[in-house]
Every structure is written in C-alpha cells, then in structure tokens.
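Report on one structure; see the data block that follows.
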There are 2 protein chains.
Amino acid sequence: MTDSAGRPARRRRGAALEEAILSAAAAELTESGYAGLTMDRVAARAGTNKNAIYRRWPGRLALGIAAYRRLATTVQPPDTGSLREDALELLRQANRTWSSPLGAVLRDLLAAAGGTAELLGQLQDQSGDAVAAPWLLVLGRAVARGEAAPEALHPRVATSAVVLLRNEFVVRGAPTAPDDVLVDIVDEVYLPLVRGRGLAPDV
Amino acid sequence: MTDSAGRPARRRRGAALEEAILSAAAAELTESGYAGLTMDRVAARAGTNKNAIYRRWPGRLALGIAAYRRLATTVQPPDTGSLREDALELLRQANRTWSSPLGAVLRDLLAAAGGTAELLGQLQDQSGDAVAAPWLLVLGRAVARGEAAPEALHPRVATSAVVLLRNEFVVRGAPTAPDDVLVDIVDEVYLPLVRGRGLAPDV
DNA sequence: TCAGTTAGGGTACTTGCCGTACCGTAATGG
DNA sequence: CCATTACGGTACGGCAAGTACCCTAACTGA
C-alpha cells in the first residue's frame, strides 16, 4: 500500500520520522514563514500526524526553531585585505540574509521566543555568537595590518556595524537595505570607531 | 439603567466611544501584554462589542498600535553638562522603557507589524524619529562644548548607543540590561565614536 | 417636531489552529 | 514469538479573529 504521494506504507520510526518532520517543517517555513507553520500542515506534509510531533517538541515554537536551524546558512568571513571591503562584504551577506524570507522567519522566531532565554539560546548560535566570530576575525586581521586600533577587538565594538544594520530592519520595515546604507554604516560609524580610539581618555 | 460597572445606559457614540475603546485596549495592553489583547476582552471592558472596534480599526494589530501610542512616554533629554552623563541617562531611560512590560509590548508590536511599513510608520514616532531627536540635541550641546566632533551630528552616529542597547534586548532575552552594559556601550563605543573622528581619512 | 439616517448593542456563527486524548496496529527487541 | 514501544488515524475542547444580522438609540435636518 502506498499513499497518493507514493510513500510506502512502511511505518517510519525514530530518526527517520524525525527527519521527515523537520524536513517538512523547514519546507513550510521557507514557503509560508513562521506564521504559516501549523502543526497540522507539517504533520500532513511529513505524512504523519501531530502526535509524532508533540512527542518530540513541546510546541510550535520549539519545532520552528529546530526547523530553522537546518535552514540557517553559515557566514563566510571574507579576506580582501581591506577592512572596509571586508566589513562591506559581511554587511552585504547579512543584508541578504535579513532581507530574504528567512530573515522574516528569524525575526518572527526571535519575537515568539520573546525573552525566553532558553529558546533564545538555541537561536543565538545564528544571531549572536556566530555573528561575532567572523567580525572579530576580520577585525583581527585589520589590527594586524594596522588598519584598526587593538582596543577595537571588543565584541560590542566589532559587531556594531551589523547591529546597526539589523536596526534598519527592525525599525524601518525595509524589505532590503540599500547599499548606500551599508556604505554609510561602514564609513560613518564603523571605520571611525575602530580607527579613532584612544584619543583623549578624559574629557 | 446602568450596567454592573455603573456605566450609564446612555449609548455612547463617536469620539466618546472611541476613547472608551482605546482606554480599555491600553489597559489590557498594560495588564496582559499584546498577547492578551483580545478583541472580545477589549469590547467587554469598554462596555461595547466588537462591531464598534472593527468599524474603527481593521484588526487587532492596528488597535494594539493605536492603544500603545497613548501609553508611550516621551523621552526627557538630560542636560548634565557632560556628554558621558547625558548619554548614560538617555540609555538608562531607554533601558527602563525596554525592560518594562511596555517594552515587551513594543517588541511584540514591532514583530507583528513585521515589515508592514505602513503600520511600522505609526510606531516609528516612538521607536525611530522620536529617539533620534534627544540624542541629536544632547550631542549638539556636546559639540558646542568641544566634547564631540561636529561630524558626529549624524542620525546614525548619534543614535548608535541606543541601537546597541536595543540589540541586547533582541538577542539576549535579558529582562533588563545591567548598568555595566550601558557604561560599556558609552565608554567603549559611543564616546570613542563621537570623539575620535576625522583621524586618518584614507587608510 | 418628527421622519430618516447613522451608528451602537446583542448575539450568533464560521473558520483556523493549538494542544490533548484514545485506540488500533505496525515495528522492534529480547 | 510475544511484550513493549511508538506511529497512524481521528476526534475533540478551547480559544480567538473576523463576519453577519437585526434591533434600537442617537443624531440630523427639513
């Protein structure tokens, strides 16, 4: 016996079923966003039912986060030899991510997690620490080249550009940030910040 | 005839009814947050029914935004004579706002508006432009005192501190940001940024 | 003053989705 | 080969958004 999709009647269990559920949830997430991620649809798409889902995840949000994790792409740290170009490239990558449908998903998940540190932590790999690493890498090279002050190797300083960019998405409803904005952030904020430190400590 | 709350049986219309609805919605928002803002409860609390609400606002989100606007407090720009203290005070005000129940409401509303520029614009008065003004004011005074470079009078530069603080709330689930973080933002990012500009234009 | 019009009030209903419960049965492991 | 576990099917209960009607109070202007 096979169903209409040709799925064998063989009953899946354990990892195989979990894989099918996550895959279906990820597909729903990309097609319809988090708002369209309903338990019924995921179950139907995975060829199973809600029991199997609730046995693995406590609710819709947890499933959404788990499904998102397999969609998130990792950042590729550039190495152009110029801090300005490296920073712009990182911002452009971030801009592409945030302005893609996946960016909307991530924003919805962050909002749904809304202060639940436990769940937020599972997203932080993609939105927090995983973001800081490439910036510190790029900035470290710039420091070695003398393009930036060593004091700038500070997580908050290093990631300030991408935080400012994210603000564009949160406050403006911009579907995508124009390249001007990225250039502005780099030239008006980021480069002056990482270069011009240690000027006059006490004013 | 009066109902159990003592409301006169006189049927309210127009502005009076709208006021009652907004007032009820604002109360629900403060007590139960945006998640607890249901049309039925607002209608019951206002002593009316959902018809009157839907005749004025297209949906729950629009009502939530309208109700939020009457809860939002305006920023009081400090003038301590020191940019560092002014900036810290502005950050502390922002920190109080974001960490209050109202902050959670604002975050939920921003998320629910999620890219709808039209609705987002109605919140922008509270989260965007209204934020920039006091920072530019404070920074303008600092420039006059010689505490900051004139080039720093740029909206993106002037508001960078508060944007970084907001990031703490979005990424970490922190209910409130420790004062250390505010000091860190001011000393490690903001002051170096607004002071140390115009160092070496071409590197 | 008195129709005629507008806008509230009351209520019931449809739809959608989360989360739960129950039961029969296939898969698995000893 | 049987006991146990986990999946499939299905049916609910609950809640909230949004819609549809109908009745009636409040306003409007001739």
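FYI, it's all coordinate maths here, none of it is from the lab. What you see is a predicted model; the values in this text were computed from it and never measured. Every residue, glycine as well, gets a Cβ built from its backbone with ideal geometry; the counts of neighbours run over all protein chains shown.
Taking the Cα atoms only, what angle lies between the long axis of helix B:14-32 and the longest principal axis of chain B, rounded to 10 degrees?
With rounding to tens, the tilt is 60 degrees.
So what is the calculated 222 nm ellipticity per residue for chain A, using -39500 (n - 2.57) for each DSSP H run with n of 4 or more, over all residues, to the nearest 500 deg cm²/dmol?
On the way: 12 runs with 127 residues, N = 203.
After summing the helix terms and dividing by the residues of chain A, the value is -18500 deg cm²/dmol.
What does the C-alpha gyration tensor say about the overall shape of the protein assembly as shown? Classify as rounded when a/c is under 1.5, otherwise prolate if a/b is larger than b/c, or oblate. Could you put the intermediate results ahead of the total?
Numbers: a/c = 2.57, a/b = 1.19, b/c = 2.17.
It is oblate, given that a/c is not under 1.5 and a/b is not larger than b/c.
Once each part is reduced to its C-alpha centroid, what is the distance from region B:152-170 to region A:42-72 in angstrom?
Computed from Cα coordinates, the inter-centre distance equals 37 Å.
Run the label-point distances for B:ALA16 please: 7 Å along Cα to Cβ, every other copy, nanometres, shortest first.
Ordered by distance, the counterparts are at 7.1 nm.
May I ask for the Rg/Rh ratio of region A:14-69, computed from Cα atoms with Rh as the Kirkwood radius, given to two decimals?
Values: Rg = 9.5 Å, Rh = 10.6 Å.
When Rh is taken as the Kirkwood radius, the ratio is 0.90.
For chain B, calculate the relative contact order in percent as a whole number, restricting contacts to Cα pairs under 8 Å that are 6 or more residues apart. Please report the intermediate quantities before stating the final value.
Details: 191 pairs, mean separation 38.7, N = 203.
Reported relative contact order: 19 percent.
To one decimal in nm, how far is A:ARG84 from the same spot in the other copies, if labels go 7 Å from Cα toward Cβ? Please give the shortest first.
3.2
Taking the inverse of the average 1/r across all pairs of different Cα atoms in chain B, what Kirkwood radius in Å do you get?
Here the Kirkwood hydrodynamic radius works out to 19.1 Å.
From Cα pairs below 8 angstrom and at least 6 apart in sequence, can you work out the relative contact order of region A:12-92, rounded to a whole percent?
Result for region A:12-92 is 27 percent.
Between copies, how far apart are the B:ALA133 label points? List them in nm, one decimal, shortest first, with each point 7 Å from Cα toward Cβ, please?
Nearest first, the other copies' label points are 4.4 nm away.
Springs between alpha-carbon atoms under 10 Å, Gaussian network over chain B: tell me which of B:ALA27, B:ALA148, B:ALA16 tops the mean-square fluctuations.
Judging by the Gaussian network model, the answer is B:ALA16.
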